[in-house]
Amino acid sequence: MMQSPSLDVVNRAIGVELGRLRYSYTERDVALYALGIGAPADPLDQDELRFVYELSGVGFEAFPTFAAVFAYEFNRCLTAGEIAGIQFNPMMAVHGEQFLRILHPLPTAANVASTIRIADIFDKGSGLLLVVEIESFLDDGPMLAQARQSLFLRGLGGYGGPRGPATKVHRLERPPDTVHEERTSPAQALLYRLAGDNNPLHADPQMAAIGHFEKPILHGLCTMGFAARAVLKRCADNDPNRFDSISVRFSSHVYPGETLVTEIWHDRSDTILFQTKVKERDIVVLSQGEMRLLD
C-alpha cells in the first residue's frame, strides 16, 4: 500500500506546470474516437455517420468531446505512478470529475499543443483529489478547448490538507424529460483505448484486480462520450456546432457490455441536466451532468 504524501510535498505540487503536450491527429483518429464512444448507434443514420465516415453526405465532423483526448500524453504520468513528486499506485487512480468547453470548431485533422497545470489538490480522507487544468491550441492558431479534470488517488488521503469546497448539487426532483438507452460492447474499453488512453486498468484483468475491480472497467471519458452523444442527439439535432461545454462527476464504474441509460432534464433553453445509470445494476455512474448548448 502506498504511503500518503506529506503536506509539504502536496503544497509544492500545486501550481506546477506539467509541460507542453503535443497531439497530431487525422480523420482516421476522429472516426476511431467516435467508434470508441459508440457511434453510430444506427449505421444507416446519416446524422451519426457524420462522426465516423469521411464521405458522409451531411459532412464529416469531429464529435466535440474528442477534444478530451488532446492531453492523453498526460496518461504517461499516471501509468508511471508519479505526478509532481506525489507517488501512487496507478491501479488505485480513478477519474473524479471532468469539464470540457469547446472554443473553436474542431478540425477533422490538426496539430494541437496543450498546456497542463496542477490547479489544486484536496484531502478527501479516503484519498487525494488532484485537479488539473488543460488548455489546447491549434499550432500557431486559436485556443480550441479548455478542460478541468480531477483524479482521485485512492488510499492517499489523511495528510492534513484542505478538503476543498462543497460541490453544487443539481436536484433532479421531477421525472426526466427524455431517456436515452444504449448498450456498450463487451469490447468497448479495448476499442476506446485506441484513442490514446492505454491504462491497463481498462484492458488487463490482473491489473483490474489490483484496483479491486472484478474485471477491466470502461474509461470514464468513454462513458461521458456515450452520454454526450445521447444529449446532443436528443436535444440539439445531433449538431456538434451547438455544443458549448459539458461537465460530469464519475460516480461509479461501468463494465464493458453494460447498458447505459441517460436521463435528461431541460433546465433552461441553453442548459441540459443529465445523469447516466447502468441498467443491469441500477446504479448512477455519471452524476451532476450538465451540457451547455449554443443557439
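Key figures for this structure:
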read-out: Exposed-loop-free span, longest in the chain, where trypsin sites (Lys or Arg not before Pro) count as exposed if DSSP calls them loop and at most 14 other C-beta atoms lie within 10 Å; value: 1-162
read-out: Calculated FRET value between Asp139 and Ser252, using beta carbons and R₀ = 35 Å, to 0.05; value: 0.35
read-out: Distance (nanometres) between label positions extended 7 Å along Cα→Cβ at Arg281 and Ala187; value: 2.4 nm
read-out: Rounded to whole Hz, the Karplus (6.51, -1.76, 1.60) HN-Hα couplings of region 207-213, x for glycine and proline; value: 5, 4, 5, 4, x, 6, 10
read-out: Length released on extending from Asp45 to Asp177, taking residue separation times 0.36 nm less the Cα-Cα span; value: 45.2 nm
read-out: Candidates per GluC sites (Glu not before Pro) in region 163-207, loop by DSSP, up to 12 other Cβ within 10 Å; value: Glu173
read-out: Per DSSP, loop GluC sites (Glu not before Pro) in region 73-167 with at most 16 further Cβ within 10 Å; value: none
read-out: Surface/4 of the Cα convex hull for region 1-133, nm²; value: 9.5 nm²
read-out: In order through region 187-192: 3J(HN,Hα) via Karplus (6.51 cos²θ - 1.76 cosθ + 1.60), integer Hz, x for Gly, Pro; value: 9, 4, 5, 5, 6, 5
read-out: Mean separation of Cα contacts under 8 Å, 6 or more apart, over the residue count of region 142-276: relative contact order %; value: 29 percent
read-out: Kirkwood-based Rg to Rh ratio, region 70-125, C-alpha trace; value: 1.02
read-out: Solvent-accessible area, 1.4 Å probe, carbon plus sulfur percent, for the chain; value: 50 percent
read-out: Amide proton proximity set for Val16, modelled H, under 5 Å, gap of 5+; value: Ile118
read-out: Length added when fully stretched, Gln146-Asn111, from 0.36 nm per residue minus Cα-Cα; value: 11.0 nm
read-out: Nearest-0.05 FRET efficiency for Asn198 and Ser24, computed from C-beta distance (R0 25 Å); value: 0.90
read-out: Whole-number percent relative contact order across the chain, with pairs defined as alpha carbons under 8 Å at least 6 apart; value: 19 percent
read-out: The chain, Rg to Rh (Cα coordinates; Rh as Kirkwood inverse mean 1/r); value: 0.95
read-out: Two-site FRET efficiency, Asp237 against Arg76, from Cβ-Cβ distance with R₀ of 30 Å, rounded to 0.05; value: 0.20
read-out: For region 208-295, radius of gyration divided by Kirkwood radius, i.e. Rg to Rh on alpha-carbons; value: 1.02
read-out: Within the chain, helix-based [θ] at 222 nm, where runs of 4 or more DSSP H residues each add -39,500 (n - 2.57), nearest 500; value: -5000 deg cm²/dmol
read-out: Mean-position separation - Cα centroids, region 81-137 and region 228-295, in angstrom; value: 21 Å
read-out: Nearest 10 degrees, 0 to 90: helix 220-235 Cα axis against the chain principal axis; value: 30 degrees
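The values are calculated or read from the model by the stated rules, or taken from the named source; none is laboratory data. Being a predicted model, the structure only gives us computed values, none of them experimental. When we count neighbours, we look across all protein chains shown, and the Cβ atoms used for this are built from the backbone with ideal geometry, even at glycine. Only protein heavy atoms, including side chains, enter the accessible area calculation; ligands, DNA and RNA are left aside. Shrake-Rupley method; radii C 1.70, N 1.55, O 1.52, S 1.80 Å.
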